[in-house]
1. FRET efficiency for residue B:374 and residue B:166, Cβ-Cβ distance as r, R0 = 60 Å, nearest 0.05?
2. Using only the alpha-carbon atoms, how far is helix B:112-141 inclined from the longest principal axis of chain B? Give it as 0 to 90 degrees, nearest 10.
3. Run the helix sum for the protein assembly as shown: -39,500 (n - 2.57) per DSSP H stretch of 4+ residues, divided by residue count, reported at 222 nm to the nearest 500 deg cm²/dmol.
4. If you average the C-alpha positions of the stretch A:203-236 and of the stretch B:113-130 separately, how far apart do those two centres end up, in angstrom?
5. Under the definition of partner shielding as Cβ atoms of other protein chains within 10 Å of a residue Cβ, what is the mean value for peptide A:209-217?
6. Give me the lysines in straight-line cross-link reach of residue A:164: C-alpha distance below 19 Å, same-chain residues under 8 apart excluded.
7. If you fit an axis through the alpha-carbon atoms of helix A:432-444 and take the longest principal axis of the Cα set of chain A, what angle between them do you get, 0 to 90°, nearest 10?
8. If the reach is capped at under 17 angstrom between alpha carbons, list the lysines near residue B:359, excluding any in the same chain fewer than eight residues apart.
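We did not get these values from a lab; they are worked out from the coordinates using the rules stated. As the structure is a prediction and not an experimental result, all values here were calculated from the model. For neighbour counting, all protein chains shown are included, and Cβ atoms are generated from backbone atoms with ideal geometry for every residue, glycine included.
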Amino acid sequence: MTSSETMPAGRVRSTPLTPLIELRGISKYFPGVIANENINFSVAEGEIHALCGENGAGKSTLMKILYGMQLPDEGSILIKDETIRFHSPRDAIDYGIGMVHQHFMLADNLSVLENIILGAEPTTLGYMQQATAEQQVQDLCDSYGLTVNIHTHVEELAVGQRQKVEIIKVLYRGVDILILDEPTSVLVPQEVEDLFVTMREMKEQGKTLIFIDHKLDEVLEIADRITVLRAGRSVATVDKTEATAHDLAELMIGSELPVPDTYEDTVVEEILLKVEGLNLDTEELGGSGIAAELERRQVLTNVNISVHRGEIVGIAGVEGNGQAELIEALLGTRQVSSGKIFMAGEDITGWSTRRRREENLGYIPEDRHKMGLMLSSPLWENAMLGHQGSRPFAAGGFWLLPSAAREKCEEIVEDFDVRTPSVRVAADALSGGNQQKLIIGREMSMSPKVLIAAHPTRGIDVGAQAAVWEDLRVARREGLAVLLVSADLDELIGLSDRLMVILRGQIVVELDPAQVTPRELGSYMTGAQV
Amino acid sequence: MTSYLRERFSLRRAGWEVLTPALTLVVAAIAATIILLATGYSPVSAFQNMWSKGWELEQVVDMLNRATPLYLIAIGAAIGFRMNIFNIGVEGQYLLAALVASYVGAQFSIWAPAHVGVIMLTAMAVGAAWVAIPAILKVARGVHEVISTLMMNVIGIAFVSAVLLRWWEVPNKVEARDDLPAWFVNTPNIQTREIPESGRMPDINNVLEVFTRDIERGQTGAPQKYLWGFLLVAIVVGILYHIYVMRTRHGYDLRAGGANPDASLVAGVDPKRMILFAMLMSGAVAGLAGLPEILGRDYAYSLSFTQMLGFNGLAVALIGQNHAVGAAFGALLFGYLDTAGPILDSSGDAPEEIIVIIKGAMIFTAIIVYAVVRRRQLADQARTASAVLAKRDSGEVDEGEHPK
């Protein structure tokens, strides 16, 4: 579908390219990185404007500046030709700018309605006008295709629905300009199409949308104009009609778009990781108040996986179908109910996490900040996290060797192209892509036998993505057994030797990545096809 | 990475590290000045007296004697803080430990070093045992340690004065000594039996006198002040703490557990075991804090035993940012302020309570200043670093830089 078909004629024609928002000469410096440098960026009223670029190209920073979450070090923001200075998102909202974050900011235990009105409740003399709020929210939900009951708790919603709640939450605050930060990164293809319908709907209502993404096919499908950032600078702004994916890729990384592909076959017979009949139950407090009682829930049911030396096995699935628990079971941070786990032929089911890690189980966590780093500690201390008992970081598993650790960290920094002025800088000072490179470098350089990679390219741009893919390929070539859990279907199909789909805690199908399309995979993941 | 750059960064870091405590001091002094002015006292003469009299050798001995237990508490608290555990129960732990250790120490007499060793081990065991209850509650049932240790404080203090001291009390008259105030002498004092000679810790006046003049003598010819030998123990504890935290894998696990519990969990740190360890060690070290006074001056636990060291020690850990050297600085500072209080009182410059206000202001400003300075430091790193990277990008690369 092209934009001209859906473009509401009146609105766009009236103000074709008068900039509604103009960012002039924006610069922002972070420790170790120039996030934005002299960026000029303008958005016309009523358009969908895509902002593309690699991770660390400065997209999120630029949008955080526009949304008042960060102050620019240089440059100015103009809205309708008026220079303004936002000190907080509240200022931005007052000017009609709202942002839908990549990571949802919803309270799981509140209802859809409560989440949407939270902080902006309609009140008379301090009393909430429940009926008004319900009516307004219901209207919004109706017009943007959120069909769930507004009294449903958010925890019961699917990812795509939660995202809609986020969008409606922003719209409820009466904004005309929406910033969507990588909205498709958490969605399966069917949900992406649904999101695009919503976006077109918003555009027809006269909203202006700024859309951050680095999947070029998506950008070309939905955007009217596209601005490309590279290394903190704005490289070009092009009309959708003038652009091809190939051009955009070149603009973004200065070379052709990388494709995840594992080239040669390196699989051998030896099984390095084997999961046998794994069952996992969780106990959670269900019910409420005095009636609360422990509810047992089966999270994993009879999971069997084997990964050979030199093989990448991909686990595909919509989030929340047991992937996280599977990883926890493999790491030993969660007790399994029954079943066995073997690593290099040894039964490790009863081993502690420490023993597993020291026997060379590598782990690239899905959430860098939460699971992977100590943000306020220097890089070299982060480089030893998970390997703190092993050489060269420690002698005899007891004495730390700080200078050897620093040297090792400098090696990682060089080998994995982590951009930092020093290994003594706090991890906080690096950009997301560089933090991820450090983590991957840390895990790979300890030559693990088995590597668990959970969403290794989530939230990082094409260039860093290509580097990560290359690293995984190298790992495979060097004879690692890699278990790749991802929501990026292209990545799964491109990298895996075998693909398994997990649905409600069960491996429902094993697929040959050479034969399967993302659409098919998506329908297996959602249970539409079994 | 060029060595030039490394130098530059660490020099800067050092600068930032000095700036923080300095700022804290200045702000606290300003707060004190305002309060003195507002209450009609002269800040000039107060500070003058504090400064001139506070640095007399006899005052310095008092300061060191006060700093010693504060430092031990601070190190104990810091072990917990490093793991994000707020062991607020140090107060009860050291009081109970001091009482039980004095009682045990008075029961026998053996070779002196062994005797002192037994007393120290007893104190550590009691400190650890008292915090074991909240520790087990936290690990097994998730009871928050702030609540439980606070409760254990109250129970401990009550237990000490209402139960144990009554069981173990002995008839006593306080003998005249130069370092005790006159009113204290010959008043009835409830206390435990005195620890025999072999269990006492000799003073280290002679060590101090090597560096300074002799400490003034009283009418009996004995020194007016004794520098307690336990100071050396505190120094050793500080060194061991530093080595443990910064140079051992276990210490790294402790810091990692505090810095990011989730990341350390997947890195193989068992959080429950670490919490248990941190709390027990915290209590054990804090348990030592009562001994300087017991082994160096009183040789028994009495009703006049110094209380409130626990809460002050927590503040010292905060000001020292859980660092061995920082805590030493904080302990000396608090020791100095505590000994300055009576000076102000006796010279009529200000009521002694002004010291409490200064300490409060310091704790308060320390929290703010550390947060602000940390942010500024990051911004400074940002500027320096982007300058370096920009230079590298534009091709003006120093030797030894990354090839990419």
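1. On the way: r = 50 Å, r/R0 = 0.83.
Efficiency, rounded to the nearest 0.05: 0.75.
2. It is inclined by approximately 60 degrees.
3. Working: 33 runs with 440 residues, N = 934.
About -15000 deg cm²/dmol.
4. Centre-to-centre (Cα) distance: 68 Å.
5. Numbers: counts 0, 0, 0, 0, 0, 0, 0, 0, 0.
Per-residue shielding by partner chains comes out at 0.
6. A:203, A:207
7. 10 degrees
8. none
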